[in-house]
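Participant: There's a structure below that I have some questions on.
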Ligand code: ADP
């Protein structure tokens, strides 16, 4: 009987290693399936949504500039509506695509050296139109000198415009938003403050969670996916930037981002 113990022990160990090997293969195959599904999703979404959106954009650009249409007030308004709504649709599709790309393993930042002072100036000018449209005020207080950081230009644009869009969306009556930027020897700090509805402490803890939205009650009926701040947080983490939100219900919210300065060209 003693003679049999060792072969039995070896057989059990062999069976256990084969089982764990099979389990590992199964996990790898499953992960590959998920990655393939994500790749398919991004490709399909790009093709099925972005292609028609681009065609509508071309056509509506033509319509809003067409002399015959411009003369007819009603037709002019209709073509402007098509253009505006198409651009809104494009923004939403971009948001979903950004999240899908973010969750795919191959997500890589294309970092370059950027003058943040100049960049924030440009974003303020870009966002100004949206604020004008909603009779809001957007101001900035920036350093006079260039402040360099390493960042992915596209994602940095998305981060700042997501935060500014929220400041405009979750406002009370007339939105007033300030962008303040300062820097010391190591870090640049951007503060984006609004005078909006604010966020309570419990919601603030979950604000970066995927799909998290503050339960609105009767306070506001602004629509969204709850993906904006999830994306913002992921991009900040990927760059090693620190992001925090401070908020007082009924008074407003301050978003603070700290970014390491790049000293070498
Ligand atoms: P979405 O705006 O699409 O719902 P976000 O992830 O950008 O998604 O924001 C999550 C939630 O955080 C929002 O639903 C809103 O309730 C709250 N929120 C975000 N920014 C602000 C802000 N500046 N003021 C008040 N509430 C905000």
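Participant: Please give the helix 116-133 orientation as an angle from the longest Cα principal axis of the chain, in degrees from 0 to 90, rounded to the nearest 10.
Facilitator: 60
Participant: Per-residue ellipticity at 222 nm for the chain, helices alone: DSSP H runs ≥ 4 residues times -39500 (n - 2.57), over residue total, nearest 500 deg cm²/dmol?
Facilitator: Working: 8 runs with 147 residues, N = 265.
One gets -19000 deg cm²/dmol as the mean residue ellipticity at 222 nm.
Participant: Compute the projected area of the convex hull of the Cα atoms of the stretch 111-260, averaged over all viewing directions, and report it in nm² to one decimal place. Could the numbers behind the result be given before it?
Facilitator: Values: hull surface 34.1 nm².
Mean projected area of the Cα convex hull: 8.5 nm².
Participant: Any idea what angle helix 51-65 forms with the longest principal axis of the chain, computed on alpha-carbon atoms, 0 to 90 degrees, nearest 10?
Facilitator: Approximately 0 degrees, to the nearest ten.
Participant: A follow-up question, please. Hey, fewest Cβ within 10 Å first, where do 255, 93 land in order? Could the numbers behind the result be given before it?
Facilitator: Numbers: 255 24, 93 16.
Fewest-to-most ranking of 255, 93: 93, 255.
Participant: To continue, here is another question. Take each of the peptides 42-54, 77-89, average the number of other beta-carbon atoms within 10 Å over its residues, and list them starting from the highest.
Facilitator: On the way: 42-54: 12.6, 77-89: 14.3.
In descending order of packing, they fall as 77-89, 42-54.
Participant: Could you tell me what a quarter of the Cα convex hull surface of the stretch 1-110 works out to, in nm² with one decimal place?
Facilitator: On the way: hull surface 42.9 nm².
Mean projected area for the stretch 1-110: 10.7 nm², to one decimal.
Participant: How big is the chain along each principal axis, measuring the range of its Cα positions in Å and listing the largest first?
Facilitator: 99, 51, 49
Participant: Another question about this same structure. Taking the highest mean first, how do the peptides 180-192, 134-146 order by number of other beta carbon atoms within 10 angstrom per residue? Show your work: numbers first, answer last.
Facilitator: On the way: 180-192: 15.7, 134-146: 13.2.
Most protected by this proxy first, the peptides run 180-192, 134-146.
Participant: Something else now. I want to check the label-to-label distance for residue 110 and residue 16. Put each point 7 Å from Cα in the C-beta direction and report it in nm to one decimal.
Facilitator: Going by the 7 Å Cα→Cβ label model, 5.1 nm.
Participant: Using only Cα atoms, locate the centre of the stretch 66-82 and the centre of the stretch 192-265, then give the distance between them in Å, rounded to an integer.
Facilitator: Spelled out, the Cα-based centre of one part sits 39 Å from the other.
Participant: Another one. As a footprinting exposure proxy, order 237, 194 by other Cβ within 10 Å, with the fewest listed first. Walk me through the numbers on the way to the answer.
Facilitator: Working: 237 12, 194 27.
Lowest count first: 237, 194.
Participant: What is the packing order of peptides 198-206, 120-128, taking the mean over residues of other C-beta atoms within 10 Å and listing the highest first? Present the calculation step by step, with values, prior to reporting the outcome.
Facilitator: Working: 198-206: 13.8, 120-128: 16.2.
So the order, starting with the most tightly packed, is 120-128, 198-206.
None of the figures in this text is laboratory data; all of them are computed from the coordinates on show. Note that the structure is a prediction, hence the values are computed from the model and not measured. FYI the Cβ positions are ideal-geometry reconstructions off the backbone, even for glycines, and counts take in every protein chain you see.
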